[in-house]
Amino acid sequence: MSCNSEVFSAVKVADKIYWVGAVDWSVREFHGYETTRGTTYNAYLILADKITLVDTVKSGFRDEMFARIASVIDPQKIDVIISNHAEPDHSGELAATIHCIQPDVTYASAAGQKTLDLYYGIGDKITVVKEGQVVDLGGLSVVFADTKMCHWPDSMVSYCPERKILFSQDGFGMHLASAERFADEVDQGVLRYEAAKYYANILLPLSGFVQKTVQKVTDLKLDIDIICPDHGPIWRKDPMQIIQWYSQWADQKRNRKVVVLYDTMWKSTEKMAKAVVEGVIAGGAKPTLMSAQAVHRSDVATRLLESGGFIIGASTLNNEILPRMADMITYVKGLRPKGLVGGAFGSYGWSGESPTKLNAILEEMGVSIPAGPVKAKYAPSDEALQECFSLGKAVAEKLNE
Ligand code: FEO
């Protein structure tokens with residue numbers, strides 16, 4: 001694809017700072033996370049004496065990035081590239097960009113240099129920068145801060161003190177393709193939902209590292225006017241908003257909501273799930289019933305981000321958990337949610353391993369389990385439904401403690 005710079009424009013972020021990234025309207029998959037609203041791969045141009053490009057884009061989007069750069073300056077005039085994060089959605093076009101424009105220097109963290117070398121064989125073209133190192137670009141400068149594991153071991157952020165702009169790579173981003181470039185222009189409900197979905201599906205297992213990053217950013221808070229992430233809209237009106245959300249999500253403070261997730265063969269486990277829901281309501285908590293046949297695993301993770309309860313059920317199939325539920329629980333377990341209360345249930349025909357296995361997985365996840373697992377042979381009896389009700393109620397009441 002070749003892009004025309006009269007069509008693809010840069011967007012001014014501040015004096016001498018431009019967004020020159022790419023919008024991916026159609027991507028729907030980010031290793032297991034369903035990106036229902038697409039995403040952006042943000043790159044930024046700093047028009048200091050040394051013209052600087054902050055991050056690049058995913059493979060296949062270089063022409064769009066170059067066209068946006070060309071709407072402001074000749075890309076060949078770029079002197080410096082900063083690679084804040086080496087994951088291929090930001091570095092997929094880095095090697096080609098270096099080859100094309102031959103910058104004087106390309107900066108990355110020490111781990112970034114190694115990662116970029118392993119991916120693209122360009123370690124010799126990378127100059128390593130350290131925590132706190134300042135680079136004078138002529139008129140403007142950047143200082144680097146290590147944000148290891150937020151998102152990968154190489155991750156770092158760059159801060160421009162003269163413009164009070166934080167180039168935060170994956171941090172404070174979201175998967176949201178939009179015509180609007182700034183968070184204050186986007187529907188605020190969509191903005192919070194997509195920010196939460198991104199946190200729940202990408203950063204939750206790294207919450208300890210996120211807390212360290214938030215602390216670093218909080219220490220600088222008086223000096224941040226704008227946050228420029230590598231995905232989604234730019235935060236210019238109230239950048240502390242997203243920092244506060246991250247702080248809250250990283251602390252994993254949970255409320256009195258309960259996710260009841262189930263899969264069913266012949267509606268027996270579904271009947272059990274509905275009885276669990278009634279128990280949750282009777283216990284004074286707010287349930288959300290999610291059928292594994294109707295929702296995506298990344299929606300479950302999102303709903304669970306602020307929920308205190310997680311009750312799961314599946315019928316037994318060939319001595320195992322139904323496969324959709326096995327997929328979902330494997331995914332959720334990998335996200336390492338903390339502080340949950342929950343339980344398991346399910347119907348069976350002759351062996352009945354599924355609820356026991358689900359219960360064991362919840363135990364491995366450190367979930368506090370006040371009752372169950374509840375099992376029902378073929379179809380739930382009144383007694384089994386009462387047990388399901390009691391499980392839901394017990395989970396809800398434990399959330400009150
Ligand atoms: Fe957007 Fe960790 O890459």
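Just so it is clear, none of the values below were taken in a lab; they were calculated from the coordinates. If you're wondering where the values come from, they're calculated on a predicted model, not measured in any experiment. Positions of Cβ are backbone-derived with ideal geometry, glycine not excepted, and every protein chain shown enters the neighbour counts.
If you filter the range 66-137 for trypsin sites (Lys or Arg not before Pro), then keep DSSP loop positions with at most 16 other Cβ within 10 Å, what is left?
Counting only loop positions with at most 16 other Cβ atoms within 10 Å, the trypsin sites (Lys or Arg not before Pro) in the range 66-137 are LYS130.
Among LYS114/LYS253; LYS253/LYS333; LYS12/LYS77; LYS197/LYS253; LYS16/LYS58, which pairs are too far apart, with a Cα-Cα distance over 26 Å? Don't skip to the end; give the middle numbers.
Numbers: LYS114/LYS253 36 Å; LYS253/LYS333 18 Å; LYS12/LYS77 18 Å; LYS197/LYS253 16 Å; LYS16/LYS58 24 Å.
Cα-Cα > 26 Å for LYS114/LYS253; rest within.
Which residue, PHE167, PHE310, ALA95, has the largest displacement toward the positive end of the dipole of the chain when charges sit on each Cβ (Lys, Arg +1; Asp, Glu -1)?
Ranked along the dipole, the leading option is PHE310.
Would you grab the residues whose amide H sits under 5 Å from the one on ILE81? Only those 5+ places off in sequence or on another chain, please, with H modelled 1.01 Å from N.
LEU53, VAL105, THR106, TYR107
In sequence order, what are the phi-derived ³J(HN,Hα) couplings for the range 101-118 according to the Karplus relation 6.51 cos²θ - 1.76 cosθ + 1.60 with θ = phi - 60°, rounded to whole Hz, with x for glycine and proline?
These are the phi-based 3J(HN,Hα) values: 9, 6, x, 5, 7, 10, 9, 7, 6, 4, 5, x, 4, 5, 5, 5, 5, 5 Hz.
With θ set to phi - 60° and the Karplus curve 6.51 cos²θ - 1.76 cosθ + 1.60, what are the ³J(HN,Hα) couplings of the range 13-18 in order, to the nearest whole Hz, using x for Gly and Pro?
9, 7, 4, 6, 10, 10
Select from ASP299, ASP55, ASP170 the residue whose mean-square fluctuation is largest in a Gaussian network model of the chain (Cα-Cα springs shorter than 10 Å).
Result for the chain, Cα springs under 10 Å: ASP299 fluctuates most.
Normalising by the residue count of the chain, find the relative contact order in percent from Cα pairs under 8 Å and 6+ residues apart.
Answer for the chain is 12 percent.
VAL23: net charge of surrounding residues, Cβ under 12 Å, Lys/Arg +1, Asp/Glu -1, itself excluded?
That sum, taken over residues with Cβ under 12 Å, equals +1.
If neighbour count is taken as other Cβ atoms inside 10 Å, put PHE144, PHE172 in order from fewest to most.
Exposure proxy ranking, most exposed first: PHE144, PHE172.
For the range 11-251, build the convex hull from the C-alpha positions and give me its volume per residue in Å³.
Measuring per residue, one finds 109 Å³ for the Cα hull of the range 11-251.
Give the peptides 367-373, 343-349, 235-241 in descending order of average Cβ contacts within 10 Å, highest first. List each step's numbers first, then the result.
Values: 367-373: 20.3, 343-349: 26.7, 235-241: 17.3.
Packing order, densest peptide first, comes out as 343-349, 367-373, 235-241.
So which lysines can LYS267 reach, going by Cα to Cα under 18 Å and dropping same-chain residues fewer than 8 places off?
Cα-Cα hits under 18 Å: LYS375, LYS377.
Taking a cut-off of 14 Å between Cα atoms, list the aspartates and glutamates near LYS130, but don't count ones fewer than 8 places away on the same chain.
Here the aspartates and glutamates satisfying the reach criterion relative to LYS130 are ASP146, ASP154.
Kindly rank 300-309, 183-192 from highest to lowest mean number of other beta carbons found within 10 Å of each residue.
On the way: 300-309: 22.7, 183-192: 15.2.
So the peptides 300-309, 183-192, ranked by packing, come out 300-309, 183-192.
Between 0 and 90 degrees, rounded to the nearest ten: what's the tilt of helix 268-282 against the longest Cα principal axis of the chain?
Roughly 80 degrees, rounded to the nearest 10.
Can you tell which of GLU383, GLU278, GLU320 shows the greatest fluctuation in a Gaussian network model of the chain with Cα springs below 10 Å?
In the Gaussian network model the winner is GLU383.
Explain nothing, just the number: relative contact order of the range 50-115, from Cα pairs under 8 Å at least 6 residues apart, as a whole percent. Could the numbers behind the result be given before it?
Numbers: 97 pairs, mean separation 27.2, N = 66.
Normalised by residue count, the contact order of the range 50-115 is 41 percent.
For the range 258-398, state the semi-axes of the equivalent ellipsoid (square roots of 5 times the eigenvalues of the alpha-carbon gyration tensor), sorted largest first and rounded to whole angstrom.
19, 17, 13
Take the chain, connect every pair of alpha-carbon atoms lying under 10 Å apart with a spring to form a Gaussian network, then pick out the residue of TRP19, TRP245, TRP266 with the largest mean-square fluctuation.
Of TRP19, TRP245, TRP266, the most mobile in the Gaussian network model is TRP266.
Note down the net charge around VAL72, summing +1 for each Lys or Arg and -1 for each Asp or Glu among other residues with Cβ under 12 Å from its Cβ. Numbers along the way, then the final one.
Details: positive: LYS12, LYS16, ARG68, LYS77; negative: ASP74.
Spelling it out: positives minus negatives among the neighbours equals +3.
Just add up the charged neighbours of GLU185: K/R +1, D/E -1, any other residue whose Cβ is under 11 Å from the Cβ of GLU185. Mind showing how you got there, number by number?
Values: positive: ARG181, ARG236, LYS237; negative: GLU180, ASP184, ASP187.
Here the count lands on 0.
Rounding to the nearest 20 debye, state how big the charge dipole of the chain is about its Cα centre with +1 on each Lys and Arg Cβ and -1 on each Asp and Glu Cβ.
Computed charge dipole of the chain: roughly 1040 debye.
What residues have an amide H closer than 5 Å to that of SER141, excluding those fewer than 5 places away on the same chain, when H is modeled at 1.01 Å from N in the peptide plane?
GLU162
Got a sec to turn the phi values of the range 237-250 into Karplus ³J(HN,Hα) couplings, 6.51 cos²θ - 1.76 cosθ + 1.60 with θ = phi - 60°, whole Hz, x for Gly and Pro?
7, 9, x, 5, 4, 5, 5, 5, 4, 4, 4, 5, 5, 5
Can you put HIS231, HIS151 in order, fewest other beta carbons within 10 Å first? Don't skip to the end; give the middle numbers.
Details: HIS231 26, HIS151 22.
Listing HIS231, HIS151 from fewest to most nearby Cβ atoms yields HIS151, HIS231.
Show the residues, 5+ positions off or on another chain, whose built amide H is closer than 5 Å to the amide H of VAL374.
Here the answer is ALA344, PHE345, GLY346, since their amide H atoms fall under 5 Å of that of VAL374.
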